[in-house]
Amino acid sequence: MKQFFLPPTGGAFKANLHCHSTVSDGRLTVEEIRAQYKKHGYSIVAFTDHDVLLSHEDLNEPGTFLALNGYEMEVNEQGFTGLKSGDLTFGSSKTAHMCLIALEPDNLTQVCYNKDKYIWGNAKAFIPQLKFDRDDYERSTPTRASPR
């Protein structure tokens with residue numbers, strides 16, 4: 001017997017709350033992502049490219065598709081010392097990935113960001129479009145306590 005998590009006749013939205021486009025390290029443009037997800041019955045997609053918060057309101061289609069603005073922020077156990085722009089290798093470091101989604105479509109301020117570091121894939125091209133919470137923010141490199 002087939003069981004549905006969501007009602008098959010409506011009353012719910014099918015959504016993806018995390019995806020990467022060619023803005024960072026994805027393979028599809030934001031327009032191609034919208035088309036693919038709509039083709040498979042989705043009505044909401046959060047665009048959460050690495051460290052790049054951009055407006056995707058132009059992808060909205062009232063009543064049929066909602067593009068959420070967001071980004072993915074990484075925190076690495078070893079810090080990002082030595083990680084160069086475009087380098088996707090973390091080695092053996094533990095990394096936490098956090099997806100942040102703006103509650104309001106006009107909230108496009110990057111938090112916890114340094115515009116000279118943490119650039120993934122194609123994101124460098126979008127830096128001039130970003131709005132930062134501070135110009136001098138620096139993610140600190142964690143220090144480990146010495147074993148006693």
- Item | Given (1) touching a Gly at 6+ places or on another chain (Cβ under 9 Å); (2) surrounded by 15 or more Cβ atoms within 10 Å (Cβ to Cβ); (3) modelled with pLDDT of 95 or more, index of the condition LEU17 fails | (2)
- Is segment 81-95 home to any residue that is at pLDDT 90 or above and either surrounded by 15 or more Cβ atoms within 10 Å (Cβ to Cβ) or over 13 Å from the mean Cα position of the chain (by Cα) (or both)? no
- Message: Take the conditions closer than 20 Å to GLY26 by Cα, surrounded by fewer than 16 Cβ atoms within 10 Å (Cβ to Cβ) and at pLDDT 80 or above and apply them to ASP58. Does it pass?
- Response: yes
- Message: I need a count of the residues in segment 107-144 that are over 16 Å from the mean Cα position of the chain (by Cα) and modelled with pLDDT of 80 or more.
- Response: 1
- Item | Every residue from segment 57-72 that is in a loop (DSSP other than H, G, I, E, B) and among the polar types (S, T, N, Q) | ASN60, THR64
- Residue match in segment 38-49 (condition: modelled with pLDDT of 95 or more and basic (Lys, Arg)): yes
- Message: Can you pull out every residue in segment 34-49 that is within 11 Å of the chain's Cα centre (by Cα) and of a type in the set (Ser, Thr, Tyr)?
- Response: THR48
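The values are calculated or read from the model by the stated rules, or taken from the named source; none is laboratory data. Just so we're clear, the structure is a prediction, and the values are computed from it rather than from any experiment. For neighbour counting, all protein chains shown are included, and Cβ atoms are generated from backbone atoms with ideal geometry for every residue, glycine included.
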